[in-house]
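Notes for the one structure printed next.
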Amino acid sequence: MTVAIDRATGKRRGEPGQQRPGRLDRLKHAYQKYWYAYAMIAPVVVVLGGLVLYPLVRGLYLTLTDANSLNSARTIGVNHIDATYKFIGFDNYADILWGDTAYDRFWSHFIWTIVWTVLCVALHYSIGLGLALLLNQKLRGRTFYRLILVLPWAVPTFVTVFGWRFMLADGGIINTMLDAVHLPSPLWLEDTFWQRFAAIMVNTWCGVPFMMVSLLGGLQSIDSTLYEAADMDGANAWQRFWYVTLPGLRSVSSTVVLLGVIWTFNQFAVIFLLFGTTAPDAQILVTWAYYLGFGQQPRDFAQSAAYGMLLLAILVVFTSFYRRWLNRNDQQLAI
C-alpha cells in the first residue's frame, strides 16, 4: 500500500486505522495552506458579488412579484412612497409563455431571435473564415489588409451603428446610390423585412473581424507538414481544406462559435441603436425586455426581469448541450 506524507505536517497519511480529519479540520488546513490565494481572489469575489450575484438574485425575486413603476418604492421630492407590489409566484412566467398574447409578446420575438442568431453567426464564421484563408496566404501588403479588416471591430460599436443608420436613412448614401442606378430604394428603417435585413447586415459588419482574427490565429497554428503530406498524397485544394484545415480549426471554431452565439443572442447595441423602441417586430428578446422595463409606461419591472431569467435559462441549456455534443464528437474521433 502506498503511504503518502503530508508535506505541511510531515505525518503519514493513508495508514490502516488512521482517522480521517473532519470537515472543519480540512477547511482550517486548506485556509492555512492557501490563505494567500484566497486573499488575492477576495476583491474579485466581492466585485462580482456586487455586480453580478446581487442583481441576479434581486431580478429573480422581482420575477415572482407584480412590480412595476407604479407600485415600486420611489421618492418624489421630499416624499418617500413605499413599495406596494405583492408576491404572485410563477404567474409572470406562465403569462409570458402561455398567456393570451404569448405569441405576440414572446414567441414571435423568440423565433426572430433564433433566426437572427443563426444567420449572424453563420455569416460571421463563413466570411471570417474566407478572409482568414486569404490573409493566411503570402500576399503583398498583407499587414495593411489585416489592419483595414480589423477596423470595424476596433471602432466603438455605437459609432459604427450610428454611421450605418445615417447611411440607411431615406436620404442616406445607400439609397442615393440605388436611385442613381434606377434600383428600388428599400425602407431600411421603416419596413419590418428591411429592418431585419439591415440589422443582420450591420451586425455581420461588426462581428466578422473577431471571427477573422481568431480563425487566422488557428490557421497559423496548424502544422505545415500536414499540408505537405496531403500534397504528396495527391489531395486537391478542397480535400486539403476539408481534411486538414477544418479539423485543425476544430478547437478554435468550437470556442468562437459558442462565444458568437452568446454575444449575438444578447446583442443589445445593434438593434437598439438602429431602431430604438420604434420597430417592435425587429426587436430580439433582450431589447424587448428592455422595452418592457424602460421603454413604456408603466414600466413593467417584473416581466422585464422574467425575460432576463428566461434568456439566461435558454443560454445555459444551449451551452450545456453544445459542450456535450462537442465532447461526444471528440470521443468518437478519438476512437
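The table for this structure:
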{"read-out": "Test for Asp104: is it surrounded by fewer than 13 Cβ atoms within 10 Å (Cβ to Cβ) and either within 14 Å of Ser304 (Cβ to Cβ) or of a type in the set (Asp, Glu) (or both)", "value": "yes"}
{"read-out": "The lone exception for Ala122 - which of (1) among the small types (Gly, Ala, Ser); (2) modelled with pLDDT of 95 or more; (3) farther than 30 Å from Trp205 by Cα it fails", "value": "(3)"}
{"read-out": "Every residue from segment 279-324 that is part of a loop (DSSP other than H, G, I, E, B), exposed (fewer than 14 other Cβ atoms within 10 Å of the Cβ) and touching a residue at least 40 places away in the same chain (Cβ under 8 Å)", "value": "Gln297, Pro298"}
{"read-out": "Lone qualifier among Trp194, Trp238 - being in a helix (DSSP H, G or I), open to solvent by 70 Å² or more (accessible area, probe 1.4 Å), among the hydrophobic types (A, V, I, L, M, F, W, C) and in contact with a Phe, Trp or Tyr (Cβ under 6 Å, 6 or more places away or on another chain)", "value": "Trp194"}
{"read-out": "Helices (runs of 4 or more DSSP H) lying entirely in segment 40-151 (those with 3 or more residues that are among the aromatic types (Phe, Trp, Tyr))", "value": "108-135"}
{"read-out": "Subset of segment 58-90 (residues that are among the small types (Gly, Ala, Ser), open to solvent by 50 Å² or more (accessible area, probe 1.4 Å) and over 20 Å from Gln297 (Cα atoms))", "value": "Gly77"}
{"read-out": "Inter-residue pairs, beta-carbon under 8 Å, first of a type in the set (D, E, K, R) and in segment 160-175, second outside any loop (DSSP other than H, G, I, E, B) and open to solvent by less than 70 Å² (accessible area, probe 1.4 Å), 6+ apart", "value": "Arg165/Leu273; Arg165/Leu274"}
{"read-out": "Test result for Gln331, in a helix (DSSP H, G or I) and in contact with an Asp or Glu (Cβ under 9 Å, 6 or more places away or on another chain)", "value": "no"}
{"read-out": "Count of segment 152-191 residues which are of a type in the set (Val, Ile, Thr), open to solvent by 50 Å² or more (accessible area, probe 1.4 Å) and not in a loop (DSSP other than H, G, I, E, B)", "value": "4"}
{"read-out": "Yes/no for Ile200 being closer than 18 Å to Thr278 by Cα, open to solvent by less than 80 Å² (accessible area, probe 1.4 Å), of a type in the set (A, V, I, L, M) and part of a helix (DSSP H, G or I)", "value": "yes"}
{"read-out": "Looking only at segment 259-278, and only at residues there that are over 18 Å from Leu119 (Cβ atoms) and not in a helix (DSSP H, G or I), the one that is most open to solvent (accessible area, probe 1.4 Å)", "value": "Thr278"}
{"read-out": "Condition check for Arg250: among the charged types (D, E, K, R) and either closer than 25 Å to Leu315 by Cβ or in contact (Cβ under 8 Å) with a residue 40 or more places away in the chain (or both)", "value": "yes"}
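Residue-by-condition table, conditions (1) without any contact (Cβ under 8 Å) to a residue 12 or more places away in the chain; (2) more than 18 Å from Ala289 (Cβ to Cβ):
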residue	(1), (2)
Lys33	no, yes
Leu53	yes, yes
Leu60	no, no
Ala73	yes, yes
Lys86	no, yes
Gly89	no, yes
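Rundown of residues vs (1) within 22 Å of Gln137 (Cα to Cα); (2) assigned to a helix (DSSP H, G or I); (3) not acidic (Asp, Glu), yes/no style:
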residue: Trp205; (1), (2), (3): no, yes, yes
residue: Leu215; (1), (2), (3): yes, yes, yes
residue: Thr225; (1), (2), (3): yes, yes, yes
residue: Asp231; (1), (2), (3): yes, yes, no
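The values are calculated or read from the model by the stated rules, or taken from the named source; none is laboratory data. Everything numeric in this text was worked out from a predicted model, so none of it was measured. Glycine also receives a Cβ, built like all others from the backbone with ideal geometry; neighbour counts cover every protein chain displayed. Accessible surface is based on the protein model in full, side chains and every heavy atom, while ligands, DNA and RNA are left aside. Shrake-Rupley method; radii C 1.70, N 1.55, O 1.52, S 1.80 Å.
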